[in-house]
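Some notes on the structure that comes next.
The values are calculated or read from the model by the stated rules, or taken from the named source; none is laboratory data. This is a predicted model, so every value here is computed, not measured. All Cβ positions, glycine included, derive from the backbone under ideal geometry; neighbour counts span all protein chains shown. Accessible surface is based on the protein model in full, side chains and every heavy atom, while ligands, DNA and RNA are left aside. Shrake-Rupley method; radii C 1.70, N 1.55, O 1.52, S 1.80 Å.
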Amino acid sequence: MQLRLDALDAHLTKGLAGLYVVYGDEHLLAQEACDRIRAAARAAGFTERNVFTVERSFDWSSLLGATQSMSLFGDRQLIELRIPSGKPGKEGADALKSLAAAGNPDVLTLVTLPRLDAATQKSAWFT
């Protein structure tokens, strides 16, 4: 489901989804959307936060390991994945598809991307 920023607050009051992807060329609006999602996650008990930034030699298995590991105290966790290039590559695409299919209720994933072209928006990992 695609949401605009003005509809995000109403969506967040109904409950959190397991995965959010924030993208666009308006950096301030993307940051506001991320802030609202983080605040709703904190209010819902997601107290642990892990941030990953995808660079040239990013280890995708560390991301998948973080989503599958349980905290010692059983805290719910927010995983933030930042992909500045907007292109995760083949290994990243596979990791993102498996992450989206996992559906762990104790893990909320927030992926941030720059503005994406039409071809990228139609790719399998994005849909």
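Things to note:
- Among residues of the stretch 38-63, those that are surrounded by 18 or more Cβ atoms within 10 Å (Cβ to Cβ), in contact (Cβ under 8 Å) with a residue 60 or more places away in the chain and assigned to a helix (DSSP H, G or I), counted: 1
- Put simply, of 65, 24 the only residue that is on the phi > 0 side of the Ramachandran plot and over 13 Å from the mean Cα position of the chain (by Cα) is 24.
- Residue 53 being farther than 21 Å from residue 1 by Cβ, touching an Asp or Glu at 6+ places or on another chain (Cβ under 6 Å) and of a type in the set (Ser, Thr, Tyr): no
- Qualifying positions in the stretch 64-99 - more than 13 Å from residue 48 (Cα to Cα), of a type in the set (A, V, I, L, M, F, W, C) and either part of a helix (DSSP H, G or I) or at pLDDT below 85 (or both): 64, 93, 95, 96, 99
- In this structure, residue 115 does not satisfy being closer than 19 Å to residue 22 by Cβ, under 10 Å from the mean Cα position of the chain (by Cα), surrounded by fewer than 20 Cβ atoms within 10 Å (Cβ to Cβ) and not aliphatic (A, V, I, L, M).
- Long-range neighbours under 8 Å by Cβ, at least six apart or interchain, first residue assigned to a strand (DSSP E or B) within the stretch 100-127, second surrounded by 18 or more Cβ atoms within 10 Å (Cβ to Cβ) and at pLDDT below 85: 107/67; 109/67; 109/99
- When the residues of the stretch 1-10 are filtered to those that are under 16 Å from the mean Cα position of the chain (by Cα) and closer than 17 Å to residue 108 by Cβ, the one that is surrounded by the fewest Cβ atoms within 10 Å (Cβ to Cβ) is 1.
- Against the list (1) open to solvent by less than 70 Å² (accessible area, probe 1.4 Å); (2) at pLDDT 85 or above; (3) part of a loop (DSSP other than H, G, I, E, B); (4) in contact with a Pro (Cβ under 8 Å, 6 or more places away or on another chain), the condition residue 25 fails is (1).
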